[in-house]
Structure formats: structure tokens, C-alpha cells
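S.K.: Just passing along the structure, written as C-alpha cells.
The values are calculated or read from the model by the stated rules, or taken from the named source; none is laboratory data. Everything numeric in this text was worked out from a predicted model, so none of it was measured. Ideal geometry is used to build each Cβ from the backbone, glycine not excepted, and the neighbour counts take in all protein chains shown.
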Amino acid sequence: MDTETVFKIIDHINRQIDMINGYALNNMGGLTEAEAIGAIASRKTLKQLSEYLQEYIELQVAQVENQMEES
């Protein structure tokens with residue numbers, strides 16, 4: 001997968017996190033316990049995926065830098 005696609009995926013994930021945060025803030029008093037737990041779990045899972053993809057990008061950059069140094 002090319003890095004541009006990964007950046008687009010990360011951006012989409014971050015927008016989803018923002019939407020969850022906004023929903024939670026707008027409905028803070030009205031969320032059921034299950035909804036609050038679901039929002040927290042979703043946000044955590046999306047954040048972990050975003051971090052994983054960021055690490056992928058960093059590894060790709062390091063790999064390119066190593067190849068350039070070898071040349």
C-alpha cells in the first residue's frame with residue numbers, strides 16, 4: 001500500500017475519532033452507560049489503528065532513507 005493511501009486512511013480515522021468525540025460531548029448527559037462504553041472503546045480502537053498506520057509510515061520512511069544511504 002502506498003503512503004498516500006495510508007495518509008488518507010489515517011485522516012479518515014482521525015475524522016471518525018473527532019465525530020465520536022463531538023457526539024459524546026453533545027450528548028454527555030444523555031448517553032447510556034453502554035453508549036459511553038461503546039464510544040470509549042471505538043475511540044480507543046481507532047486511535048490504536050491510527051498509531052499503527054503512523055508506525056507503518058515511519059518504517060517506510062526509514063526504509064527509503066536506508067536505501068538512499070546504501071546508494
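S.K.: Does T45 fit the bill of being among the β-branched types (V, I, T), free of Cβ contacts under 8 Å to residues at least 40 places away in the same chain and exposed (fewer than 10 other Cβ atoms within 10 Å of the Cβ)? Give the steps one after another, and end with the answer.
M.R.: Values: among the β-branched types (V, I, T): yes; free of Cβ contacts under 8 Å to residues at least 40 places away in the same chain: yes; exposed (fewer than 10 other Cβ atoms within 10 Å of the Cβ): no.
So T45 fails the test.
S.K.: In addition: Under the condition of being in a helix (DSSP H, G or I) and β-branched (V, I, T), which residue from segment 25-49 is nearest to H12 (Cα to Cα)?
M.R.: So in segment 25-49, the residues in a helix (DSSP H, G or I) come out as 25-26, 28-30, 33-49.
Cutting the leftovers down to β-branched (V, I, T) gives us 37, 40, 45.
Details: I37: 22, I40: 18, T45: 14 Å.
Result: T45.
S.K.: Can you name every residue in segment 1-39 that is surrounded by 12 or more Cβ atoms within 10 Å (Cβ to Cβ), modelled with pLDDT under 90 and farther than 26 Å from V61 by Cα?
M.R.: N21, Y23, A24, N27, L31, E35, A36, A39
S.K.: Which pairs have Cβ atoms under 7 Å, sit 6 or more apart or on different chains, and link a residue in segment 53-71 that is in contact (Cβ under 8 Å) with a residue 40 or more places away in the chain to one that is surrounded by 11 or more Cβ atoms within 10 Å (Cβ to Cβ)?
M.R.: Pairs found: L53/V6; L53/I9; L53/I10; Q54/I10; Y56/V6; I57/T3; I57/V6; Q60/T3.
S.K.: Identify all residues within segment 1-25 that are among the aromatic types (F, W, Y) and under 23 Å from A39 (Cα atoms); write none if there are none. So that I can check it myself, show each step before the final result.
M.R.: Taking segment 1-25 first, the residues among the aromatic types (F, W, Y) are 7, 23.
Matches in segment 1-25: Y23 only.
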